[in-house]
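> Starting off with a structure, shown below.
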Amino acid sequence: MTEFTGVRQPAFDAMAGKHAEAARRLEELARALHGELRSAGLDTSPAVRLRELAGRVTTQAEDLRRRQKLVHELQRQQVTFGRSTPAGSFLEAPDGLDAAQGLLDGTLAGRAAGKAADGDAKALAELEKYTSRTGDAEFVKAFLGTLGAQGVTRLPGSLAAHLREARSHGDSDRVALLSAAGGRALRLLSTALANGTDPRSPAYRGDAFLKDLAHQGRAQHRAGDTTYSGYQAQALIWRAHDGKTPYSEEFMEVVGRDVIAYEHEQRKDAWAATKDPLGRVFKADQIPIMDLAGSLGLGTLLRPGTHAGAPGTQGRSSLVDDLFHAARSSREASHALLAHTPAGWKESVLDYLLTTRWGASRYLDDYAPFNDLLVTATAGQDATSKRLAAELTKILADEVRGAFGRSADGNLEIKNRDRFDRYTPLSYPLARAISANIDELSRLLLNHATFGKAAAKDMSYALALATSHDAGFESLMRAQTEHMRAALDAVPPVGLDASNAARLGFTKADVKRFDMDGDGRVSKDDVMTFLEDRTSVEARPFSHIVEIRRQVLIAQGLDDKKADESLKNMVGNALGLLPMPGARQVGELATGAFGELISTGYDKLAGAAYDEIARQTAQRISHGRYLDTSSRMLADNRLAVDRLAEQMLATAMLNKGMLDDLSLDQQPFAQGTPPTLKPFVEMTPQEYSKFLEWTRRAGGSNALFNEFRKTFRTTSDVNDYLGLEVPSSSEGGR
């Protein structure tokens, strides 16, 4: 809360003047004293101290002058008002200069916004002076305080009405002015509103302001001959949000949830009519409540900057879609909106949006705001994100299940194209949600567990939708790659015993568990046993994802015998050769091969979610050339995953010290005397191929690879869960 001091203006002016005069006289005295002392050959330090005092008084005088100027301006603009007391007339002024400046500027900006709402073009232009002030708490409080919730609602409503009027009169110059300046004003207002409605911000306007926003949102407003609901106007503010100052969870709890309920109340009967027999015959649309720009046919004219698109395009938005746009920049805000069941409802907001309201989202054919919101809400590692991801998986699995069936040849077939197409816009956010929880896929397949209410069969139908999206399939494959890498990293190194367990990140209990022959030391045979076990386990999720992707391509009549470019790039960049972030580098060869990579900070990703590690790993592996040129000859996704697995198994053997005692003499991928393994980024493609060949032949990775390939090419899980009868020749691969 800003502290105020009461000042009597004449006395304050006199004090400022006397300070300035004292500073001037002290400076003159210091100069004179310095001259006298120096002429007499005496110590001049008293003059120096006097000059320092003069400097301090000068600084104080300058501060008082700035305050004096602000006090005069505050009074002239009637930002603060005088108060009479028995001791005289006082003027209230903030103690801090910044606070006073914020109070002044925020008040003037609020007044300019009010005038702009009345159609004053100069006032609208005046607002642009304050675009950089939205991070100033005092400015935001004064700005929103001057406008109030009604003024916040009125400005976008008036801008839209005036813009429509200018268009109807063919005034292109005014349309251009209102569109550009109006968009910038809405962005200023959006950032200020995000700040002013966040209880964690010093700019917070209080709970009453939030409730008043909701009250004004439900109220009817008028600008000229245009009548609109307050939420239709406020939605233009949300759509102008740039994501840098996120809206708070409290904003979504009070305003956001009410917007969802408001549209539901207003459209409930009309939407129900679209589902009755007559509505189905005439294929009636489920029409959402448009924001004010959409209802007035303004397209994207009031969207600032990169949100604008081509002037006048028909980029319509509903007020709920605009809310999604504002909520997507904050996980807390997205959770507050989606992880909630309103009083009297039998379904959560997420369920409602995916089922009851989904037709309204399809009506506008703009899925970006909702998809972005879903990714924000479900891709985290916290409990709420996981719960929403599980709910998303189960709901969409239930919705698309009826779209699929079994064709005459036993493969997957799309029996209901309309039902499949209805939910394909959600395939990417679904893929991201599953990717963020890729460990759940293993639990479902291996342990018959559940992910929320989703069982393995539900997950299989969800994957049929998720893998239909190219980028979604890539996300899933990268996440599972990291999952396998982490599983292989959990295998003990050769030579682990009680004496070095703590240093290598293991416990004595681990030593006992991993020491199969009971001699107190983990041997190569022990390590190989656990590598084989992990390899087989990790092959099953890979098999599930790739086979379902293959079946979806078959069902869509596409070529399933061609490797996805994303997988070819992953193989070509030798993605599988990277160690897991935080991996315990034990082998001598591994230290040399990965030392530079670890030193660049890759290791700091340890503990991140598998999909996040995959995203950042992808940024690190691009060397501008293919290391594994075999990727150019890959015929399908199975062969691509085979090669990825081979890379990862070679990395695991390297990390675990399985290759340390093998001779590097005369090997083209070695360097120096005695020979050491070259860093992979320095190998040529030919040297890299020789390294993998050496690993298979001398290191024994061939047995591991065969174990992976055998499990990976067994697709009975997919047959069982999707009700297919894939011929054995298809299961065998190529």
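The values are calculated or read from the model by the stated rules, or taken from the named source; none is laboratory data. Just so we're clear, the structure is a prediction, and the values are computed from it rather than from any experiment. Please note: Cβ atoms are built from the backbone with ideal geometry, for glycine as well, and neighbour counts cover all protein chains shown. Remember, those area values only see protein heavy atoms, side chains included, never the ligands or the DNA or RNA. Shrake-Rupley method; radii C 1.70, N 1.55, O 1.52, S 1.80 Å.
> Need one number: convex hull volume per residue for segment 370-416, Cα atoms only, in Å³.
92
> Could you run the Karplus curve 6.51 cos²θ - 1.76 cosθ + 1.60 with θ = phi - 60° over segment 428-435 and give me ³J(HN,Hα) per residue in whole Hz, x for Gly and Pro?
Ordered by residue, 3J(HN,Hα) equals 6, x, 5, 4, 5, 5, 5, 4 Hz.
> With a bin width of 10 angstrom, please list the P(r) values of segment 556-692 as percents of all Cα-Cα pairs, from the 0 bin to the one holding the largest distance.
Spelled out bin by bin, segment 556-692 gives 12, 40, 34, 11, 2, 0 percent.
> For the chain, take the longest principal axis of its alpha carbons; what is the angle in degrees between that and the long axis of helix 524-555, to the nearest 10 within 0 to 90?
Roughly 70 degrees, rounded to the nearest 10.
> Which is farthest toward the positive dipole end of segment 494-569 among SER543, GLY557, ALA498, measuring Cα position about the Cα centre, with Cβ charges +1 (Lys, Arg) and -1 (Asp, Glu)?
GLY557
> Moving to a separate point now. Given the rule -39500 (n - 2.57) for each run of at least 4 DSSP H residues, summed and divided by the residues of the chain, what is its mean residue ellipticity at 222 nm, to the nearest 500 deg cm²/dmol?
It lands at -19000 deg cm²/dmol.
> Can you list the residues, at least 5 places off or on another chain, whose amide H is less than 5 Å from the amide H of SER317, using H built in the peptide plane?
ASP291, GLY294
> PRE reach from LEU177 (point 7 Å along Cα→Cβ): which of segment 100-134 fall under 18 Å by backbone N?
Within reach of a label on LEU177: 112-129.
> Right, here's the next one. SER716 to SER536: extension gain in nm, 0.36 nm per residue of separation minus the Cα-Cα distance?
Values: separation 180, 0.36 × 180 = 64.80 nm, distance 1.49 nm.
Gain in length upon complete extension: 63.3 nm.
> Pop out the carbon and sulfur fraction of the accessible area of segment 363-425 as a percent, whole number, probe 1.4 Å.
42
> Hey, another quick one. With equal scatterers on the alpha carbons only and no solvent term, can you work out the Debye log10 of I(q)/I(0) for the chain at 0.05, 0.09 1/Å?
-0.40, -0.93
> I would also like to ask the following. Between ASP398 and GLN381, what length in nm is gained on full extension when 0.36 nm per residue of separation is reduced by their alpha carbon distance?
Working it through step by step, the gained length comes to 3.7 nm.
> So what is the diffusion coefficient of segment 142-229 in µm² per second by Stokes-Einstein at 37 °C and 0.692 mPa s, using a Kirkwood Rh over Cα pairs? List each step's numbers first, then the result.
Values: Rh = 14.1 Å.
Roughly 233 µm²/s, to the nearest whole number.
> A follow-up question, please. How far, in degrees from 0 to 90, does helix 456-466 lean away from the longest principal axis of the Cα atoms of the chain, to the nearest 10?
60
> Something else now. For GLU588 and ASP517, FRET efficiency with R0 = 22 Å and r from the beta-carbon atoms, rounded to 0.05?
The value I calculate is 0.35.
> Arrange the peptides 326-334, 564-572 so that the one whose residues have, on average, the most other Cβ atoms within 10 Å appears first.
326-334, 564-572
> Okay, next question. Taking only Cα atoms, what is the 0 to 90° angle, nearest 10, from helix 172-196's long axis to the longest principal axis of the chain?
Roughly 80 degrees, rounded to the nearest 10.
> For THR44 and SER132, FRET efficiency with R0 = 35 Å and r from the beta-carbon atoms, rounded to 0.05?
Once rounded, the FRET efficiency stands at 0.15.
> Here is a further query. Could you give the nm distance between label points at ARG31 and LYS562, where each point is 7 Å from its Cα heading toward the beta carbon?
Result for the modelled spin labels: 8.5 nm.
> Full-extension gain between LYS508 and ASP421, please, as 0.36 nm times their residue separation minus the C-alpha to C-alpha distance. Please report the intermediate quantities before stating the final value.
On the way: separation 87, 0.36 × 87 = 31.32 nm, distance 5.50 nm.
Gain on extension, LYS508 to ASP421, equals 25.8 nm.
> Calculate the dipole size of the chain relative to its Cα centre from +1 charges on Lys and Arg beta carbons and -1 charges on Asp and Glu beta carbons; express the result in debye to the nearest 20.
So the dipole magnitude of the chain works out to roughly 1380 debye.
> How far apart, in nm, are two points set 7 Å out from the Cα along the Cα-to-Cβ line at LEU446 and at LEU53?
Each label point lies 7 Å from its Cα, and together they span 8.1 nm.
> Highest mean first, how do 110-119, 664-673 rank when packing is the count of other Cβ atoms within 10 Å averaged over residues?
The packing order, highest mean first, is 110-119, 664-673.
> For a Förster distance of 35 Å, can you work out the FRET efficiency between the beta-carbons of ALA284 and TRP345, rounded to the nearest 0.05?
Taking R0 as 35 Å, the efficiency between ALA284 and TRP345 is 0.90.
> Roll a 1.4 Å probe over the protein chains and send me the accessible area per residue for segment 495-588 in Å².
On the way: 3920 Å² over 94 residues.
About 42 Å² of surface per residue is accessible.
> Could you name the lysines in cross-link range of LYS346, using Cα to Cα under 28 Å and dropping any fewer than eight places away on the same chain?
LYS211, LYS268, LYS275, LYS283, LYS386, LYS394, LYS453, LYS457
> So what are the ³J(HN,Hα) numbers for segment 159-171, from phi and the Karplus equation (6.51, -1.76, 1.60; θ = phi - 60°), rounded to whole Hz, Gly and Pro as x?
Rounded to whole hertz, the list is 4, 5, 5, 5, 5, 5, 4, 5, 5, 5, 8, x, 8.
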